[in-house]
Amino acid sequence: MNFSAVKNLKTFAFDILFPKFCFGCGVEGVFLCENCFAELSRAVEVQKCPVCSLRNFSGVVCVSCREYTALSRFLFAHDYKNKPVRDMVHAFKYGSVIEVAPFLASFLVRVIEEYAIPYRKTVTVVPIPLHAAKRRRRGFNQSEIIAEIFSRHFGLKFLPDNLYRAKNTESQTGFDDFKKRRMNVSDAFAVLHPDEFAGRKIILIDDVSTSRSTLDSAARALKVAGAQSVWGVVVAKG
Ligand SMILES: [Zn+2]
Ligand SMILES: [Zn+2]
């Protein structure tokens with residue numbers, strides 16, 4: 001997706017009363033200037049197996065790592081340490097700066113295009129859902145907005161309401177222990193209509209993935225529903 005295409009995605013643009021500054025260089029008037037957008041679009045991370053971190057340029061899970069994750073592929077656009085990206089994700093999620101969504105979605109598009117990842121038109125795009133109560137509080141699901149722009153770009157089927165949070169998981173920050181954190185999200189997801197996922201290839205979208213446990217848990221629910229394969233695609237990897 002080129003810069004003007006991103007700018008033309010007016011769907012989520014809205015008027016704001018305070019001045020905008022580029023998240024990259026600080027120039028006034030835009031959330032991301034053309035130069036910073038170009039730079040961030042060029043800087044695509046080398047993909048690796050999400051389990052053992054072996055570099056493989058395609059994010060495919062090694063055969064020997066498959067027993068540890070329900071994902072068959074994991075792709076990420078940026079490292080979460082990348083400051084402009086992290087700031088944009090934060091502004092979107094916690095400051096409701098929805099105008100950055102097309103930029104974040106374009107980074108996902110770029111990963112698929114950069115690595116010429118073969119996908120079929122039969123792929124279904126699914127965002128990681130928020131728990132209903134959390135969604136009401138925030139007013140939107142950031143992953144859903146990014147996933148919708150992504151699916152529209154490739155003309156893929158978009159199903160945001162079938163996978164859902166089965167229980168309100170406790171705030172993850174309370175758990176220092178990695179294993180506890182993993183257990184906390186196991187079975188956190190369920191599917192309303194399994195037939196909509198049965199036999200489908202799913203691209204699961206999230207804004208950020210740190211421990212991968214949320215993606216794994218959601219992917220497990222999709223596989224139980226009969227999905228043929230699940231890819232996890234995220235803007236930033238922690
Ligand atoms: Zn800039
Ligand atoms: Zn591996």
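The values are calculated or read from the model by the stated rules, or taken from the named source; none is laboratory data. As the structure is a computational prediction, the values presented were derived from the model and not from experiment. With ideal geometry, Cβ positions are generated from the backbone for all residues, glycine too; neighbour counts draw on all protein chains shown. Only protein heavy atoms, including side chains, enter the accessible area calculation; ligands, DNA and RNA are left aside. Shrake-Rupley method; radii C 1.70, N 1.55, O 1.52, S 1.80 Å.
Which shape class applies to the stretch 109-161: rounded if a/c is under 1.5, otherwise prolate when a/b exceeds b/c and oblate if not, where a ≥ b ≥ c are the square roots of the Cα gyration tensor eigenvalues? Note, shape of the stretch 109-161 comes out prolate. Under 5 Å between amide hydrogens, built in the peptide plane, is the criterion, and for PHE76 it picks out VAL234 among residues at least 5 positions away or on other chains.
What does DSSP give for the stretch 3-237 in terms of the percent of beta bridges that are antiparallel, rounded to the nearest 5? List each step's numbers first, then the result.
On the way: 6 of 26 bridges.
Rounded to the nearest five, the antiparallel share is 25 percent.
Exposure check, 1.4 Å probe, all protein chains in place: CYS52 carries approximately 70 Å² of accessible surface. Note on exposure: THR69, THR122 ranked by accessible area (1.4 Å probe, complete protein assembly) read THR122, THR69, with the most exposed listed first. Counting only protein heavy atoms and using a 1.4 Å probe, the accessible area of SER96 comes to about 50 Å².
Write down the Kirkwood hydrodynamic radius of the stretch 61-155, to one decimal in angstroms, obtained as one divided by the mean of 1/r over all alpha carbon pairs. The partial results should precede the final answer.
Working: mean 1/r = 0.0669 Å⁻¹.
Result for the stretch 61-155 stands at 14.9 Å.
Cross-link reach is defined here as a Cα-Cα straight distance under 20 Å, omitting same-chain residues fewer than 8 places apart; for LYS167 the aspartates and glutamates meeting it are GLU144, ASP187, ASP206, ASP216.
Over the stretch 3-237, the Kirkwood radius and the radius of gyration, each from Cα atoms, give a ratio Rg/Rh of 0.95. Each of LYS20, LYS223, LYS121 has its accessible area taken with a 1.4 Å probe; listed largest first, they run LYS121, LYS223, LYS20.
What full-extension length gain, to one decimal in nm, is calculated for GLU113 and GLU34 as 0.36 nm per residue of separation minus the Cα-Cα distance? Write out the running numbers ahead of the final one.
Numbers: separation 79, 0.36 × 79 = 28.44 nm, distance 1.96 nm.
Gain in length upon complete extension: 26.5 nm.
With every protein chain in place and a 1.4 angstrom probe, the accessible-area ranking of TYR80, TYR164, TYR68, largest first, reads TYR68, TYR164, TYR80. A straight line joining the Cα centroids of the stretch 78-152 and the stretch 19-57 runs 13 Å. You can think of it this way: the chain between ALA133 and PHE57 has 23.5 nm of extra reach, that is 0.36 nm per residue less the Cα-Cα gap. Accessible area per residue was computed with a 1.4 Å probe on protein heavy atoms; LYS93 scores about 40 Å². Taking a sphere under 13 Å around the Cβ of ASP79 and counting the other residues whose Cβ falls inside, with K and R at +1 and D and E at -1, yields a net charge of +4.
The label-point distance for ASP195 and VAL224, in a model that sets each label 7 Å from Cα toward Cβ, rounds to 2.1 nm.
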